[in-house]
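Report on one structure; see the data block that follows.
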Amino acid sequence: MGNGQEVQVGDLQELVFALTQDQWQPSEAKYRINIAYRGLSSDDYPLETGLARLQAEAAAGLEQHLLRNFKKYAHRNATPGDSLWNWLSVAQHHGLPTRLLDWTFSPYVALHFATSNPRGYGRPPGVVWCVDYVAAHELLPAGLRTHVEPLGHGLFTTEILTAAAESLEDFDEYRSDDGGGVPLFFEPPSLDDRIVNQSAVFSIMTDPEASLADWLAGHPELYRKVVFPAELKWAIRNHLDQANVTERVLFPGLDGLCRWLARYYGDRPEQVYPDAQISPTEPAEPEPAGSGDGQATRSRAQ
């Protein structure tokens, strides 16, 4: 299982090992594994933001309109303070298409979002993306790197991002040596129990039209893509339910409770959907770690 490659696993034990061991990481994990996880129900789903899905070639022009109108019509108490980064976090959390991608600290939370939709229990293999965010931050432009170096190149916060860039125009000035967009990972504010329980992390590129997948392809040592077969999904789901990683916990409230009960007491997915496969035009499972159901279109990671 080398660096930056697709890792195929065949059973639950092998899957957990692939997600939790840190030998492949270029950064040193002094206190914890420096990985952000994103789980998807199909290995064909790209690392694509809601903004890119909405309007890929016009993302730059559309982004400001979306955010401006969200701020105009949102409740005045919808965000703590008036920071751009808090507003972006709140918008993503409630399903607005943004350039953010949802990730999580927890491999189990990522696996939940890869197995939460029974209609994905047929042929498509599932996948969990793993990115070493500390090593990624070591490649940031100097203006951003100086803000995160005191944290050991760990995660940004919205406060640190505000100090580095008060506007998206300022943020987009940070580019790689070849002029391309670069990614960073940050922790959203604890807006509610859902973000806390999902151990939420967001990634963002310094270009609304830039692709994290393309950037990672040029830095294969920073990530791995752990793929597991469709026939393993039920065993994973059963394991997660036993470990109390369920909708009831990850989506606190009556909606999450009802979603958990409907799935838990339903028939085994392979009996209901023996040839289940999510088509590219059908809704996928909800977004992972912090986004709302409004962004639960083609995924995702989560």
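The values are calculated or read from the model by the stated rules, or taken from the named source; none is laboratory data. Remember, it's a predicted structure, so these values are computed and weren't measured experimentally. A quick note on method: Cβ atoms are made from the backbone with ideal geometry, for glycine too, and the neighbour counts reach across all protein chains shown. When the accessible area is computed, the model is the full protein with side chains, heavy atoms only, and any ligands, DNA or RNA have been set aside. Shrake-Rupley method; radii C 1.70, N 1.55, O 1.52, S 1.80 Å.
Can you confirm whether D82 is open to solvent by 10 Å² or more (accessible area, probe 1.4 Å) and not aliphatic (A, V, I, L, M)? Considered against the rule, which asks whether it is open to solvent by 10 Å² or more (accessible area, probe 1.4 Å) and not aliphatic (A, V, I, L, M), D82 comes out as yes. Evaluating F113 against the criteria (1) more than 13 Å from F202 (Cβ to Cβ); (2) within 15 Å of the chain's Cα centre (by Cα); (3) part of a loop (DSSP other than H, G, I, E, B) leaves one unmet condition, (3). Of the candidates G61, G95, the single residue that is surrounded by 15 or more Cβ atoms within 10 Å (Cβ to Cβ) and either under 15 Å from the mean Cα position of the chain (by Cα) or assigned to a helix (DSSP H, G or I) (or both) is G95.
Report whether or not S89 is under 14 Å from L168 (Cα atoms) and touching a strand residue (DSSP E or B) at 6+ places or on another chain (Cβ under 9 Å). Spelling it out, S89 is indeed under 14 Å from L168 (Cα atoms) and touching a strand residue (DSSP E or B) at 6+ places or on another chain (Cβ under 9 Å).
Residue-wise test of (1) in contact with a Gly (Cβ under 6 Å, 6 or more places away or on another chain); (2) open to solvent by less than 10 Å² (accessible area, probe 1.4 Å); (3) at pLDDT below 95; (4) under 19 Å from G256 (Cα atoms).
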| position | (1), (2), (3), (4) |
| --- | --- |
| Y108 | no, no, no, yes |
| T115 | no, yes, yes, yes |
| V127 | no, yes, no, no |
| C130 | no, yes, no, no |
| H137 | no, yes, no, no |
